Structures are given as structure tokens and as C-alpha cells.
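A quick write-up on the structure given underneath.
The values are calculated or read from the model by the stated rules, or taken from the named source; none is laboratory data. A quick note: this is a predicted structure, and the numbers were derived from the prediction, not measured. Every residue, glycine as well, gets a Cβ built from its backbone with ideal geometry; the counts of neighbours run over all protein chains shown.
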Amino acid sequence: MKFFVDTADLDEIRDLAATGMVDGVTTNPSLVAKAGRDFFEALQEICDLVPGPVSAEVTATDTDGMLREAEKLRAVADNIAIKVPTTWDGLKACRRLADEGVMVNVTLCFSVNQAILAAKAGAAFVSPFVGRLDDIGQIGMDLIADIKQVYDHYPAFKTEILVASVRHVTHLLDAARLGADICTIPPNVLRQLIRHPLTDAGLAAFLADWEKTGQKIVKD
Ligand code: E4P
């Protein structure tokens with residue numbers, strides 16, 4: 001499973017990229033607003049840090065406007081994936097960009113029907129938002145299971161399932177159990193993945209016992 005980091009915060013990306021776990025980054029207009037940086041400058045720095053796909057979202061709502069914005073965004077770096085909303089205009093832009101060999105992330109996906117359309121439009125990634133479905137009383141992870149089942153019927157569909165709107169570590173675990181290709185993870189959730197009290201207690205006990213031996217592996 002690939003891990004993308006779901007943030008536009010450079011410090012967070014730098015810190016997590018150092019773990020070797022970061023395969024890509026996703027941003028959206030809200031995350032860019034939260035980071036409080038110039039969009040293009042921040043994107044350039046993110047692309048320099050992370051060689052994998054970096055999603056940058058268009059803000060135009062018509063196909064031509066999206067394509068004009070995509071051209072500007074693509075000029076930032078070769079690893080930019082253009083993020084378009086799941087609208088007819090977004091899907092038309094997706095088809096045009098995919099035909100030119102551009103990675104497209106079809107975002108704001110909330111149904112299997114939308115995911116089928118994204119695959120037919122040649123999207124490299126489809127982003128179903130599990131957390132936002134949970135928020136309205138639906139089971140977001142059911143959508144991942146359903147998309148996975150449908151995509152598996154059609155080997156011609158090359159679209160990767162990018163689980164988005166992840167809120168906690170259980171989302172990631174469930175997505176992995178279902179065989180989702182990618183999870184885009186908020187930095188705090190990614191850091192929580194390693195936590196286990198038995199690891200902490202076990203390490204403390206090992207170190208205490210080692211101290212009693214009076215030995216050093218590397219002598220000063
Ligand atoms: C990523 O591509 C999405 O924009 C992001 O995961 C949405 O997360 P949210 O629902 O927590 O805003």
C-alpha cells in the first residue's frame with residue numbers, strides 16, 4: 001500500500017519524508033489555505049521533497065478553465081498530478097489530460113458510479129472521501145470495498161483507489177484489509193501508526209536489563 005501525506009505543510013512533509021514512508025502528497029484548496037503559503041511556491045518545494053505524485057487541485061469549474069489551470073500547475077514539476085472534481089467538466093478535463101499522459105486525480109468521489117466514470121475518463125487516481133461519508137452517517141469504508149470489487153472485474157481500468165478523508169488509524173487498517181492502492185493520511189494519523197504500549201514497555205525493559213550488564217555495543 002502506498003502512503004501519501006494529506007497536507008500542504010512543508011515542515012510536516014519534510015519530517016515525514018525523512019521516514020522513507022511517503023510515496024506522494026495530496027493537497028486541496030482548504031489545505032493550501034491552512035498552510036498560508038503561496039500555492040506555487042509551496043507546490044514547488046513539495047515536489048522537490050517528494051518524488052512521487054503530488055496532487056494539485058484546479059479551482060476552475062469549466063473544462064477549459066481547468067485545462068488552462070492544469071497547464072500552469074503541470075509546469076511546476078513532472079510529478080504533479082492534476083486534481084479535478086467529480087463533475088462532467090472535471091471528467092472531460094480528465095480525459096483530455098489523460099490522453100496527453102498527465103496523471104489526474106478525480107476527487108470528491110462519494111459513489112461507485114462516480115468511481116466508474118473516473119476510471120472510464122482515464123484517471124490515474126480516484127479519491128473516495130471516507131471520513132466525510134462517515135460524518136453523514138454512511139459507512140465510508142463500504143464505498144472502498146464496493147469500488148475495489150467493481151474495479152477488480154475490469155482489468156482495463158488502471159485507476160488506483162486513493163482513500164481520502166482519512167481521520168484515524170482504523171481507516172487505514174480497513175483500507176489495507178480491502179486492498180486499496182493508496183491512503184492519503186493526515187500527518188498526525190501517520191505518526192500514530194507506530195504507537196503501541198507493548199513496544200514502549202518492551203523497549204524500556206530491554207534497555208533497563210542492558211544497563212545492568214554494564215556493557216556497550218559501541219565503546220566511547
Ligand atoms: C485529499 O485528497 C482530500 O482532499 C482530503 O483527504 C479531504 O479530507 P477531509 O475530508 O478531512 O477534508
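Does region 36-51 hold any residues that are surrounded by fewer than 17 Cβ atoms within 10 Å (Cβ to Cβ) and under 24 Å from Gly90 (Cβ atoms), and which are they?
Phe40
Hey, does region 158-168 have a residue that's within 16 Å of the ligand (Cβ to nearest atom), among the acidic types (Asp, Glu) and at pLDDT 95 or above?
There is at least one residue in region 158-168 that is within 16 Å of the ligand (Cβ to nearest atom), among the acidic types (Asp, Glu) and at pLDDT 95 or above.
For the structure I just gave you, tell me whether Val104 is at negative phi and in contact with a strand residue (DSSP E or B) (Cβ under 8 Å, 6 or more places away or on another chain).
Against the criterion (at negative phi and in contact with a strand residue (DSSP E or B) (Cβ under 8 Å, 6 or more places away or on another chain)), Val104 qualifies.
Just need a number here: residues in region 126-135 that are of a type outside the set (Val, Ile, Thr), closer than 17 Å to Lys148 by Cβ and near the ligand (Cβ under 9 Å from one of its atoms).
Total meeting the criteria: 2.
Of the residues in region 107-124, how many are near the ligand (Cβ under 10 Å from one of its atoms) and farther than 14 Å from Ser165 by Cβ?
0
Restricting attention to region 189-199, does a residue exist that is surrounded by 17 or more Cβ atoms within 10 Å (Cβ to Cβ) and either more than 16 Å from the ligand (Cβ to nearest atom) or modelled with pLDDT of 95 or more (or both)?
yes
Give the residue, chosen from Thr86, Thr63, Thr59, that is touching a residue at least 24 places away in the same chain (Cβ under 8 Å), of a type outside the set (Lys, Arg) and either under 29 Å from Asp142 (Cβ atoms) or in contact with a Leu (Cβ under 8 Å, 6 or more places away or on another chain) (or both).
Only one candidate passes the filter, namely Thr86.
Just checking, how many residues over region 21-50 are within 16 Å of the ligand (Cβ to nearest atom) and charged (D, E, K, R)?
Adding up the residues that qualify gives 2.
Residue by residue through region 68-83, note down the ones that are away from the ligand (no atom under 16 Å from the Cβ), closer than 22 Å to Thr159 by Cα and either buried (at least 21 other Cβ atoms within 10 Å of the Cβ) or of a type outside the set (A, V, I, L, M) (or both).
Residues satisfying the conditions are Ala70, Glu71, Arg74, Asp78.
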